[in-house]
1. Among all the lysines, which ones have a C-alpha under 30 Å from residue A:4's C-alpha, if same-chain residues fewer than 8 places away are not counted?
2. Under a 10 Å cutoff between Cα atoms, tell me which one of A:253, A:154, A:33 has the largest fluctuation in the Gaussian network model of chain A.
3. Inside 10 Å of the C-beta atoms of A:188-201, what's the mean count of C-beta atoms belonging to other chains?
4. Can you give the accessible area of residue A:228 in Å² (nearest 10), computed on protein heavy atoms with a 1.4 Å probe?
5. With all protein chains present, calculate the accessible area of residue A:106 using a 1.4 Å probe and round the result to the nearest 10 Å².
6. For residue A:170, what is the net charge nearby, where nearby means another residue's Cβ is under 13 Å from its Cβ and Lys, Arg count +1, Asp, Glu -1?
7. Once amide H atoms are placed 1.01 Å from N in the peptide plane, what residues at a sequence separation of 5 or more from residue A:43, or on another chain, have their amide H within under 5 Å of its amide H?
8. When chain A is treated as a GNM, springs tying every alpha-carbon pair under 10 Å, which of A:37, A:91, A:26 comes out with the largest mean-square fluctuation?
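The values are calculated or read from the model by the stated rules, or taken from the named source; none is laboratory data. Everything numeric here is computed off the predicted structure, so don't read it as measured data. Using ideal geometry, Cβ is built from the backbone for each residue, glycine included, and neighbour counts are taken over all protein chains shown. Just the protein is used for accessible areas: all its heavy atoms, side chains included, with ligands, DNA and RNA removed. Shrake-Rupley method; radii C 1.70, N 1.55, O 1.52, S 1.80 Å.
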Amino acid sequence: MVKKAAAFRKFIQAGWGILTNAYVKGFLPGDPPIYKGPLKQFCVPGMNCYSCPGALGSCPIGSMQAVFDGRHRKFAFYVVGYLSLIGLIVGRFVCGWLCLFGLIQELLYKIPTPKLKVPEAIDKPLRYLKYVMLFVMVFALPFFVRSEYGVGAPFFCKYICPVGTLEGGIPLVLLNDAMRGTLGWLFRWKFLLLILCVLASIFIYRPFCKYICPLGAFYGLFQKVSLVRMQVDENACVNCGLCAKTCKMNVDPRKNPNSCECIRCRECINACPKNALSMIIREKKAADQPIQEGLRKESI
Amino acid sequence: MTRKIPIQATIGLILVAIASMAFGIYRGEVEIVLMKAINICMECIGLG
């Protein structure tokens, strides 16, 4: 049952990744190398570089910065509204089910090696790094820092994002001779970050999602108010701790079922022998009930 | 202390999010997104 559920999630993740990167022509040598159709007006909900040769939609983090860093310094109402809407409905469900880069990290973690448990003293402060990425690299720097020509830059995409290097940079450089001739220090820097991310993913479960991803940070802000949420039946729970042991994002669902770190992969639900955990859609009457995470000491 | 987050607050925020999207579409942000996305983002791939 647990294995079937895990396989089903992998199937959805892979299916979504293929569906949103189905522009096969982009992977063939020649011009145009990327999809230029109207679907790119819309952002995919997960991290997916729009310069990936197969990408059919836009990257929400890149799109946000594209509006921020323009000459007229606009706030990105369209993308922020869209991402907020998703966050308010499902929270970080997207991270667990509809993010190709998340799937890639999960597959890397399956490589049979000893796994590393990051000590809490390091893990806990590092979790805040993704909020720094969101508010500094995605919001503030593209919005306020201008070049001599009056335009900004997508700081997160340019200096940090390993997704762009993996899904866009490497395939395009491999497919295009002219691009190969333009490789410089920036590509080498981003390639190094990608290698570090890949290596870390072999030993740590989804390190990019835990510590770096600004999109996960953004969705995480809505976990406690989203319509879809986790619920613990305290009458059924026998405090065996299996849910916390199962969670690779290091969340204890008994203490904080709607933690900002939960990617709603449902592994804890499937692991619970008493069926005490469930994922529900909030109803109006639930407003009068105390929300569980307010009753206990919060933890990541 | 018990904290209550009424569902009305979520519904209200959803409406704000939809209004934000509509305002962004109205003032042409979709075109900015499209223009960025149909051209190879040199910065994103490490060449810019």
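1. Result set, ordered by chain and number: A:110, A:115, A:117, A:210, A:224, A:245, A:248, A:255, A:274.
2. Top of the fluctuation ranking is A:33.
3. 1
4. Around 20 Å² of this residue is reachable by solvent.
5. About 10 Å², ignoring ligands and nucleic acids.
6. Counting the neighbours of residue A:170, the net charge comes to +2.
7. Under 5 Å from the amide H of residue A:43: A:58.
8. Result: A:37 has the largest fluctuation of those listed.
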